[in-house]
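Undergrad: This structure is in structure tokens; I'll ask about it shortly.
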Amino acid sequence: MDLRNAGVTDTHVLSAIERIPREAFVEEAFLDQAYANQALPIACGQTISQPLVVGLMTQALELNDRQKVLEVGTGSGYQAAVLSKLCRRVYTIERYQDLLEEAERRFAAVKLHNITTLYGDGYKGWPAQAPFDRILVTAAARIVPHDLVEQLSENGGVMVLPVGDVAGLEQEVLRVRKDGKNFTTERLFPVRFVPLVHGMPAGQKS
Ligand code: SAH
């Protein structure tokens, strides 16, 4: 009800959120806050997004069950899990291997079998799987990443992403629509995300 009142009106999105147990994606120490409308810390200094932001960004993607969707920034896996209920297949990229392995365990535990994961730099997208009908970025870039625009379908592709400064003080969600080689960009709402970081973290086990 809170999400609906705050503007998540798409009933498919609301029902996908209802069907994914957020408690399976938060750290044990924050279990009592799993259903509060707030972002929570996860491993590697990252965060699981606020449910309202997940709802609004998912709704902005205009999903259907025939689409192939790329997510950049797997994190806890929660957003990918919500997407998986609304499209054909989710491809999700994360630059911390520990987070990715934990997310993969969660996908199996909640029996989601249409999510494919990649340990890598999401700035580069996933060329081998492109084009994507939809792209959702869940970390803030300074500008719209060129490779991701390239990998968006020319046939009505939609990308939703936060863009703005690294400190998170001035970020907003943009929606980019691609038709042929042409783009239109809309500004949707202000947000605060962790930054989209270039390259891989130092000292990661391979
Ligand atoms: N969608 C996540 C929220 C993750 S927070 C969820 O539902 O929990 C943003 C994530 O983006 C972090 O896990 C961070 O490590 C990851 N990230 C940042 N820059 C990245 C990049 N260049 N490539 C892949 N992942 C990146």
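Undergrad: Answer yes or no as to whether residue 9 is of a type in the set (Val, Ile, Thr) and more than 15 Å from the chain's Cα centre (by Cα).
TA: yes
Undergrad: Select from segment 1-52 the residues that are among the aliphatic types (A, V, I, L, M) and assigned to a loop (DSSP other than H, G, I, E, B) and list them in ascending order.
TA: 1, 6, 8, 20, 26, 34, 36, 39, 42
Undergrad: Answer yes or no as to whether residue 176 is closer than 26 Å to residue 128 by Cβ, crowded, with 20+ Cβ neighbours inside 10 Å and away from the ligand (no atom under 16 Å from the Cβ).
TA: no
Undergrad: Determine if segment 134-148 includes at least one residue that is more than 15 Å from the ligand (Cβ to nearest atom) and not hydroxyl-bearing (Ser, Thr, Tyr).
TA: In the first step, residues of segment 134-148 are kept if they are more than 15 Å from the ligand (Cβ to nearest atom); the result is none.
There is no residue in segment 134-148 that is more than 15 Å from the ligand (Cβ to nearest atom) and not hydroxyl-bearing (Ser, Thr, Tyr).
Undergrad: A further question follows. Can you tell which of 72, 82 is within 9 Å of the ligand (Cβ to nearest atom), modelled with pLDDT of 95 or more and touching a strand residue (DSSP E or B) at 6+ places or on another chain (Cβ under 7 Å)?
TA: 72
Undergrad: Of all residues in segment 48-59, which are open to solvent by less than 10 Å² (accessible area, probe 1.4 Å), over 9 Å from the mean Cα position of the chain (by Cα) and more than 7 Å from the ligand (Cβ to nearest atom)? Give the steps one after another, and end with the answer.
TA: Pass one, segment 48-59, residues open to solvent by less than 10 Å² (accessible area, probe 1.4 Å): 48, 54-55, 57-58.
Checking the rest, the ones that are also over 9 Å from the mean Cα position of the chain (by Cα) come to 48, 55.
Listed by number, the list holds a single entry, 55.
Undergrad: Continuing with this model, one more query. Taking residue 98 as meeting all but one of (1) more than 8 Å from the ligand (Cβ to nearest atom); (2) of a type in the set (D, E, K, R); (3) crowded, with 17+ Cβ neighbours inside 10 Å, write down the number of the exception.
TA: With (1) more than 8 Å from the ligand (Cβ to nearest atom); (2) of a type in the set (D, E, K, R); (3) crowded, with 17+ Cβ neighbours inside 10 Å applied to residue 98, the lone miss is (3).
Undergrad: Another question about this same structure. So in segment 146-168, with the set limited to residues that are open to solvent by 10 Å² or more (accessible area, probe 1.4 Å) and out of contact with any Lys or Arg (no Cβ under 8 Å at 6 or more places or on another chain), which one is farthest from residue 39 (Cα to Cα)?
TA: 155
Undergrad: Further, regarding this structure: Hey, can you tell me all the residues within segment 60-69 that are within 14 Å of the ligand (Cβ to nearest atom) and either open to solvent by 10 Å² or more (accessible area, probe 1.4 Å) or closer than 17 Å to residue 23 by Cα (or both)?
TA: Listed by number, the list is empty, since nothing qualifies.
Undergrad: Cβ-Cβ distance below 9 Å, separation of 6 or more or different chains: which pairs start in segment 71-91 with a residue that is open to solvent by 10 Å² or more (accessible area, probe 1.4 Å) and end on one that is among the hydroxyl-bearing types (Ser, Thr, Tyr) and more than 9 Å from the ligand (Cβ to nearest atom)?
TA: Once the first residue is open to solvent by 10 Å² or more (accessible area, probe 1.4 Å) and sits in segment 71-91, its partners that are among the hydroxyl-bearing types (Ser, Thr, Tyr) and more than 9 Å from the ligand (Cβ to nearest atom) give 79/58; 85/15; 86/58; 89/116; 91/116; 91/117.
Undergrad: Just give me the residues in segment 107-118 being within 10 Å of the ligand (Cβ to nearest atom) and surrounded by fewer than 17 Cβ atoms within 10 Å (Cβ to Cβ), in sequence order.
TA: none
The values are calculated or read from the model by the stated rules, or taken from the named source; none is laboratory data. Just so we're clear, the structure is a prediction, and the values are computed from it rather than from any experiment. Please note: Cβ atoms are built from the backbone with ideal geometry, for glycine as well, and neighbour counts cover all protein chains shown. With ligands, DNA and RNA removed, areas are computed over all heavy atoms of the protein, side chains included. Shrake-Rupley method; radii C 1.70, N 1.55, O 1.52, S 1.80 Å.
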